[in-house]
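Peer 1: Provided herewith is a single structure, encoded as structure tokens, for subsequent inquiry.
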Amino acid sequence: MTTQKTTAKEITTHAYLRASTDDQDATRALETINDFVENHQLTNVVHYVENFSGAKLERPELTRLLAAAEKGDYLLAESIDRLTRLPAEQYEALKAHIADRGLRVVVVDLPTSHKALKAEPNDRIIDLINNLMMDIAAHYAHEDYTKRRQRQAQGIAKAKAENKYKGRPADTNLRSKIQTYLTKGGNTYAEIAKLCDCSVGMVAKVKKIRETA
């Protein structure tokens with residue numbers, strides 16, 4: 001009678017990098033993430049990069065990450081605000097989804113979360129500490145987002161009242177480059193986004209403007 005050896009599943013580190021708008025660099029934290037990966041000898045790393053508001057629960061790359069992740073894997077982010085700026089109810093929904101997938105969240109600038117790298121999956125003490133610290137950080141991330149939005153709205157309202165508001169200037173060079181690829185044809189939105197170093201959403205936006213012009 002022969003017996004088969006069962007090998008332990010290789011842990012995957014799902015590194016999530018996010019920026020809010022198309023003119024911000026979502027890969028800004030890549031060096032920080034990669035240094036952390038190297039210092040902690042993490043292997044089998046997959047990167048998920050997107051330009052999308054952290055105040056929205058439904059994000060393409062975050063959704064893809066959660067669909068691909070398996071129990072015991074790591075979800076790695078530079079800081080909590082890169083993962084969430086969600087209001088309480090939506091944050092709880094995200095947290096529940098992460099828990100359902102059996103993911104262990106590790107945040108570079110939240111040292112208490114690093115303990116998850118050495119703990120066994122479902123270590124209740126580590127989970128309790130991490131959840132508490134992440135809840136606090138997530139609360140302040142949303143509060144900071146809300147306050148900045150309020151200040152921004154107040155500034156815009158004041159500028160409009162004084163007839164000084166001009167809106168955010170468009171990146172004409174980027175849009176022209178995207179337009180060139182769209183006119184030439186033969187490339188997907190994702191390919192154009194990579195060639196132009198922008199988001200797929202930005203390509204779609206220029207396409208829409210082109211069609212309605």
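Peer 1: Assuming R0 = 22 Å, what is the FRET efficiency of Glu58 and Lys205, from their Cβ-Cβ distance, to the nearest 0.05?
Peer 2: Using R0 = 22 Å, I get an efficiency of 0.75.
Peer 1: While we're here: Considering only Cα-Cα distances, which of the following residue pairs are longer than 26 Å: Lys56/Lys184; Lys71/Lys115; Lys95/Lys194; Lys95/Lys207; Lys56/Lys194; Lys71/Lys95?
Peer 2: Correct reply: Lys56/Lys184; Lys95/Lys194; Lys95/Lys207.
Peer 1: What is the calculated FRET efficiency for Leu174 to Ala67, with r their C-beta to C-beta distance and R₀ = 25 Å, to the nearest 0.05?
Peer 2: 0.25
Peer 1: A further question on this structure: Given C-alpha coordinates of segment 46-113, what is the ratio Rg to Rh with the Kirkwood estimate of Rh?
Peer 2: With Rg and the Kirkwood Rh in hand, the quotient comes to 0.92.
Peer 1: Oh, and also: For segment 1-110, what % of the accessible area comes from carbon and sulfur atoms, probe 1.4 Å?
Peer 2: Carbon plus sulfur share of accessible area: 49 percent.
Peer 1: Name the long-range amide H neighbours of Val105: under 5 Å, sequence gap of 5 or more, or other chain; modelled H, no Pro or chain starts.
Peer 2: HN-HN under 5 Å from Val105: Leu75.
Peer 1: Next question. Around Thr32, under 10 Å between beta carbons, what's the net of Lys plus Arg minus Asp minus Glu among the other residues?
Peer 2: Neighbour charge sum, excluding Thr32 itself: -3.
Peer 1: Restricting attention to segment 6-90, which trypsin sites (Lys or Arg not before Pro) occupy a DSSP loop and are surrounded by at most 15 other Cβ atoms within 10 Å?
Peer 2: Lys9, Arg28, Lys56, Lys71
Peer 1: I want to check the label-to-label distance for Glu10 and Val45. Put each point 7 Å from Cα in the C-beta direction and report it in nm to one decimal.
Peer 2: In this crude spin-label approximation the distance works out to 1.5 nm.
The values are calculated or read from the model by the stated rules, or taken from the named source; none is laboratory data. Just so it is clear, the model here is predicted, and its values are computed rather than measured. Methodologically, a virtual Cβ is constructed for each residue, glycine included, from the backbone with ideal geometry; neighbour enumeration extends over all protein chains shown. Only protein heavy atoms, including side chains, enter the accessible area calculation; ligands, DNA and RNA are left aside. Shrake-Rupley method; radii C 1.70, N 1.55, O 1.52, S 1.80 Å.
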